[in-house]
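Where a number appears in this text, it was derived from the coordinates with a stated rule and is not lab data. The structure presented is a predicted model; accordingly, all values stated were derived computationally and were not measured. Reconstructed Cβ throughout: ideal geometry from the backbone, glycine too, with neighbour counts over all protein chains shown.
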Amino acid sequence: MTLDATATRASGANPVVAPCGEDERAFVLAAYGLDALQDDAELSAIAHFAAQLCNAPTGVVTMVESERQRFIARAGIDERETPRAVSFCAHAMLGSEPMVVADARSDPRFADNGLVKGPPHIRFYAGAPLVSGEGVPLGALAVIDSEPRPGGLTELQRQGLETMAQAVMCRLSALRAERESQARAFESARAMREIADLVPGVVWSADSAGKFDYFNVRWEVTTGAPPPTDLSDWRHTVHADDTERTLAAWQTSFGGGKPFESEYRLKQADGSWRWTLARALPVHDRQGEVIRWYGTLTDVDDGHRQSENRDLLARELSHRIKNIFAVIAGLVSLRARQAPEAAEFAQGLVGTIHALGRAHDYVRPMEGVKGDNLRGLLTELMAPYDDGNGRVAIVGDDCSIGPRAATPLALAFHELATNSAKYGALSVEGGSVRIEIDCPDGGTVAHIHWREKDGPSATDPGDEGFGSRLMKSAIEGQLSGKLERRFETGGLEVDLSVPFASMHR
């Protein structure tokens with residue numbers, strides 16, 4: 001026989017008993033949790049009504065075990081169990097219809113039964129079988145009388161007893177399904193706790209009020225402290241320099257029901273401090289209210305130390321590169337004094353080197369504030385040409401830039417600025433330069449427009465000079481962009497298009 005705990009007998013159908021052994025019966029009986037069923041209010045009500053319907057002093061819901069029968073619901077009887085050897089229900093449960101014994105003294109199956117010959121002196125018995133969805137006989141819903149009944153049950157009483165037996169099985173099946181569901185939930189929770197204890201980080205949960213109600217074993221292993229119950233306990237494990245910042249971030253997330261993330265130093269079991277990444281996510285109900293919080297603490301101390309070491313190395317390299325720029329510019333100036341005919345070329349080269357130095361200082365972690373946006377870089381590069389009277393205007397959107405993009409951008413705009421200072425709008429009184437930045441949200445290309453105004457009329461020189469080739473190499477070669485020049489009466493106009501992917505490198 002295949003045991004299917006989810007199977008149920010169709011309402012109104014007679015029970016069909018399948019052959020099975022006692023071990024299989026014991027397994028199915030255990031699934032109902034008989035101890036929890038004892039004196040169940042709904043089953044007791046059915047037992048009382050069955051007795052009243054059949055005009056009997058006693059009604060019982062009986063479950064037959066291997067050595068005894070248990071009255072899990074009863075009316076008119078004090079006993080809770082009797083030996084299986086004297087059980088009438090052990091016989092009734094094997095049938096497909098109610099078993100009716102009009103006078104037990106004349107029935108050869110029960111004439112010598114101790115419950116017939118002695119108290120409670122059973123004479124009349126009627127029991128409807130209780131059969132599980134798998135076809136396993138469990139017991140019976142029975143009524144008992146100490147007076148014989150030659151006429152047995154009326155048809156209405158028989159049908160009523162069968163119907164109430166079906167109600168008993170519906171109740172038993174519902175309780176069994178609930179029990180199995182709880183068992184599955186418990187097993188799932190246990191498995192999740194075991195998994196949580198195996199992960200290398202700390203896992204925790206809190207209720208909607210922010211009270212911690214679970215920490216995996218890693219908390220005590222890591223901190224050597226008992227799990228905190230609220231923020232006052234938790235803050236003692238956070239480094240003093242990080243406490244206020246971290247608590248403020250948590251209060252902001254908690255108050256708004258938003259995800260939380262913060263890095264702070266967590267006190268270890270040995271008294272040391274290690275950087276930890278704390279994350280938490282809220283769980284909302286259908287109305288959008290927070291009902292729980294789940295969070296993790298992940299050790300990121302090694303990464304912090306590596307990052308600090310990289311920053312230290314980057315600052316040292318940046319300092320050395322800056323010195324190299326200064327040395328090269330000094331050497332060029334020194335050589336230019338020995339060759340006056342190259343003074344103009346040397347001056348331009350030194351200017352380019354200084355422009356590269358400013359770009360390097362802007363995007364590398366050196367003294368001052370590290371920058372990562374295009375407007376800031378252009379402001380740095382154009383500062384030597386801005387007299388404070390609006391000769392240089394930088395307008396429009398802004399977009400981020402990466403260290404690798406800073407150098408070609410610096411070369412291109414330094415070339416435009418020096419050319420304008422020599423021959424274009426910045427070389428005359430009243431001339432100006434306007435730089436327009438267009439970095440649309442959701443776009444893929446940054447557009448930068450150079451516009452000279454009120455300067456000498458720009459003319460196409462024909463053959464590309466060194467400056468033009470340098471700009472083209474920087475924008476199109478290194479940044480995979482596009483460069484267009486127009487020679488207008490008010491000055492040079494240049495349109496640059498650079499993919500965001502290149503800008504962010």
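Below, the figures for the structure above:
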item	result
Volume per residue that the Cα convex hull of segment 200-299 spans, once the total is divided by residue count, Å³	85 Å³
Fewest-first ranking of 293, 219, 273, using other Cβ atoms within 10 Å as the exposure measure	273, 219, 293
Translational diffusion coefficient (Stokes-Einstein; Kirkwood radius from C-alpha pairs) of segment 22-183 at 37 °C, 0.692 mPa s, in µm²/s	211 µm²/s
Förster-model FRET efficiency, 56 Å R0, residue 436 and residue 209, C-beta, rounded to 0.05	0.60
Segment 260-307 - Kirkwood radius from inverse mean 1/r over Cα pairs (Å)	12.4 Å
Calculated FRET value between residue 102 and residue 178, using beta carbons and R₀ = 30 Å, to 0.05	0.15
Projected label distance in nm at residue 272 and residue 480, using a 7 Å step from Cα toward the beta-carbon	4.4 nm
FRET efficiency, residue 170 to residue 194 (Cβ-Cβ, R0 30 Å, nearest 0.05)	0.25
